[in-house]
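J.: Quick one: structure below, then a few questions.
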């Protein structure tokens, strides 16, 4: 008798064994049958819906959060929260309708994060990517269309950000030659990708703006980004600089303000023997140099560094090839001061004058009448001449 014949003979003579095997087979069949609709639903989820994930640290989160409030189907989603003094879509799930397309949203908060962190997951019942692109475009309110996004980066990575209203270069009072030099360099760079690649030169642009405090370096960067349509990625810590640079896109401008103040004087060796706060903030110079011009430098990188003390920077930072332009932004000369006076008071003025930082003039022009400001500037020039004489 074969093994199979022996098995079936034993099964026929033992009803308990037969019942157990039958039950096992029936259970397996039911389990397999139950998995069929789940697999069908999973297939529909993967093929019929298109998902978008929006994190709270992204530039678009607030816009999406506010936009879905006006599109959600309130019968299916009753969860609300108070945010910025208004009722907004709360945490949980719900449905909405956009341009005739059903979408599902899920809004969650990470419980294990030290910093507040939220995620909105959008699932559109369509395969048409253009619908999602229109949704993301329309969710941006009109008042944001005249702004630039400033995203901050710390040692731990993306630190969130804010929007700032655009401003034109004509509202920044610095020497015209400084503006022309900066603008022409960025205009050339934006169209010089092939020029760099054909010559084997890294396609990146690094600029240093240096000069006394209050001379308009920050305002100049703000206006430059506004005119070129750049978003600013603001570096708060030089630790993780390479990681921040890797997030850059075509329309991103990285800004490192007061680099000498946030870098522990850019020492070539991190001093492990000094556990004080300044030492902990210091970044080894090689990390910064490789990020600005080395194996860690991404194509298309654009960054501006500011400092009040150019002499404190290691020569390796400002060497040609790593920094392409070193531009001094100094106190306003008479012609610029007169333009600023005209912008504030609507008339010509200033006869006696000695160069002052733009921030100092702004304070005077914002608090004094035209006559008082002219008198103050003349008095300062006279005193300085008297002391010098």
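The values are calculated or read from the model by the stated rules, or taken from the named source; none is laboratory data. Since we're looking at a predicted model, the values are computed, not measured. Cβ sites come from the backbone with ideal geometry, for glycine too, and all protein chains shown count toward neighbours.
J.: Answer with yes or no whether residue 311 is under 24 Å from residue 223 (Cα atoms) and surrounded by fewer than 18 Cβ atoms within 10 Å (Cβ to Cβ).
T.: Working: under 24 Å from residue 223 (Cα atoms): no; surrounded by fewer than 18 Cβ atoms within 10 Å (Cβ to Cβ): yes.
Judged against the criteria, residue 311 is not a match.
J.: Exactly one condition in (1) in a helix (DSSP H, G or I); (2) at pLDDT below 80; (3) surrounded by 14 or more Cβ atoms within 10 Å (Cβ to Cβ) is false for residue 265; which is it?
T.: Failing condition for residue 265: (3).
J.: From the residues in the stretch 324-334 that are surrounded by fewer than 19 Cβ atoms within 10 Å (Cβ to Cβ) and touching a residue at least 60 places away in the same chain (Cβ under 8 Å), which one is nearest to residue 372 (Cα to Cα)? Steps first, answer last, please.
T.: In the first step, residues of the stretch 324-334 are kept if they are surrounded by fewer than 19 Cβ atoms within 10 Å (Cβ to Cβ); the result is 324-326, 328, 330, 333-334.
Subsequent filtering for residues that are touching a residue at least 60 places away in the same chain (Cβ under 8 Å) retains 324-326, 328, 330, 333.
On the way: 324: 43, 325: 39, 326: 37, 328: 31, 330: 25, 333: 20 Å.
The selected residue is 333.
J.: Let me ask something else. Mind counting the residues in the stretch 59-89 that are outside any strand (DSSP E or B) and modelled with pLDDT under 75? Show your work before the answer.
T.: Going through the stretch 59-89, the residues outside any strand (DSSP E or B) turn out to be 59-71, 73-79, 84-85.
From what's left, modelled with pLDDT under 75: 59, 74-79, 84-85.
Residues flagged as outside any strand (DSSP E or B) and modelled with pLDDT under 75 within the stretch 59-89 amount to 9.
Okay, residues lined up against (1) surrounded by fewer than 20 Cβ atoms within 10 Å (Cβ to Cβ); (2) in the same structural domain as residue 221 (by TED's automatic domain parsing):
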site: 294; (1), (2): yes, yes
site: 301; (1), (2): no, yes
site: 306; (1), (2): no, yes
site: 317; (1), (2): no, yes
site: 362; (1), (2): yes, no
site: 367; (1), (2): yes, no
site: 372; (1), (2): yes, no
